[in-house]
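Notes follow once the structure below has been shown.
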Amino acid sequence: MEALKERIRTEGKLLGEDIVKVDSFLNHQVDVNLMEDIGKDIAEHYKGQGITKIFTIESSGIAPAVFAAKYMELPLVILKKRSSRTLSQNLWQTEVISYTKELTYELTLSKDYISDQDHVLIVDDFLANGEAATGAIRLIRKAHATVAGLAVLIEKTYQPGRKKLEEQGISVYAQARIACCQEHVIEFAPD
């Protein structure tokens, strides 16, 4: 998606050679028009694939997932990283390691929002090592539902996430694929 790539080029900041900071339009300040275009693109890509729900992981995937759900006319379920007093029973949980934050958390899904009849699309902001997506897949499979695929805004192709997911039979749709980050320059992989 060219508009997303342009925003990454102009506003993305490199923190070392592994982390791309895009908080000016994605996760601290949100460009809702760009997120709407991203959601439309995801909806178009997955049109007609029998998807029944969209899942995302709090919090950076929420904005694009809301618009994908809107255009696909589907419910959106947000997987939680923190437990709360209102989300304490009848749960599926799995442990996930966050690449960016370098910590482990319990990814949580209420059993009320998934059934074995669901065909779920996961929408997330980044794909690097594939840990968050793999955690979401584990939760979906615990409920005996199926995974339609993973749509990500930004994939770091130099990290093993896509390979790990494809080895599990998961298709990946990435709107911007970063090939490398060197000397303050972000290079994109061909589509």
**OP:** Determine the pairs where a residue that is without any contact (Cβ under 8 Å) to a residue 24 or more places away in the chain, located within the range 154-176, has a partner that is open to solvent by less than 60 Å² (accessible area, probe 1.4 Å) with Cβ atoms under 7 Å apart, the partner being 6 or more residues away or on another chain.
**Re:** TYR158/ALA179; TYR158/CYS180; GLU166/VAL172; SER171/GLY149
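If the requirement is being under 22 Å from ILE97 (Cα atoms), under 12 Å from the mean Cα position of the chain (by Cα) and open to solvent by 20 Å² or more (accessible area, probe 1.4 Å), which of these qualifies: ILE62, ILE57? Give the derivation first.
Working: ILE57 fails: open to solvent by 20 Å² or more (accessible area, probe 1.4 Å).
Going through ILE62, ILE57 in turn, the sole match is ILE62.
Please work out which residue is modelled with the highest pLDDT, limiting yourself to the range 180-191 and to residues that are part of a strand (DSSP E or B) and open to solvent by 40 Å² or more (accessible area, probe 1.4 Å). Working first, answer last.
Let us first name the residues in the range 180-191 that are part of a strand (DSSP E or B), namely 180-182, 185-188.
Pick out the ones that are also open to solvent by 40 Å² or more (accessible area, probe 1.4 Å) and you get 182, 185, 187-188.
Working: GLN182: 78, VAL185: 84, GLU187: 92, PHE188: 95.
So the residue we want is PHE188.
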Subject >> Pair list, Cβ < 9 Å and 6+ apart or interchain, from the range 124-147 residues that are over 12 Å from LYS53 (Cβ atoms) to residues that are among the acidic types (Asp, Glu) and open to solvent by 20 Å² or more (accessible area, probe 1.4 Å) >> reply: ALA128/ASP18; GLY135/GLU95; HIS144/ASP116
Subject >> For GLU11: the one exception among (1) open to solvent by 50 Å² or more (accessible area, probe 1.4 Å); (2) out of contact with any helix residue (DSSP H, G or I) (no Cβ under 8 Å at 6 or more places or on another chain) >> reply: (2)
Original post:
When ILE114 is evaluated against the numbered criteria (1) farther than 28 Å from ILE19 by Cα; (2) without any contact (Cβ under 8 Å) to a residue 60 or more places away in the chain; (3) β-branched (Val, Ile, Thr), which criterion, by number, is the only one it fails?
Top reply: (2)
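Considering ARG162, ARG141, ARG177, which residue is part of a helix (DSSP H, G or I), surrounded by fewer than 21 Cβ atoms within 10 Å (Cβ to Cβ) and not β-branched (Val, Ile, Thr)? I'd like the intermediate steps shown before the answer.
Working: ARG162 fails: surrounded by fewer than 21 Cβ atoms within 10 Å (Cβ to Cβ); ARG177 fails: part of a helix (DSSP H, G or I).
Answer to the check: ARG141.
Just give me the residues in the range 79-134 being at positive phi and at pLDDT 85 or above, in sequence order.
At the first step, the residues of the range 79-134 found to be at positive phi are 90, 102, 130.
Matches in the range 79-134: ASN90, GLY130.
The values are calculated or read from the model by the stated rules, or taken from the named source; none is laboratory data. Everything numeric here is computed off the predicted structure, so don't read it as measured data. Neighbour counts are summed over all protein chains in view; Cβ atoms, including those assigned to glycine, are modelled from backbone coordinates with ideal geometry. To get the accessible areas, we keep the full protein, side chains included, count just its heavy atoms, and leave off ligands, DNA and RNA. Shrake-Rupley method; radii C 1.70, N 1.55, O 1.52, S 1.80 Å.
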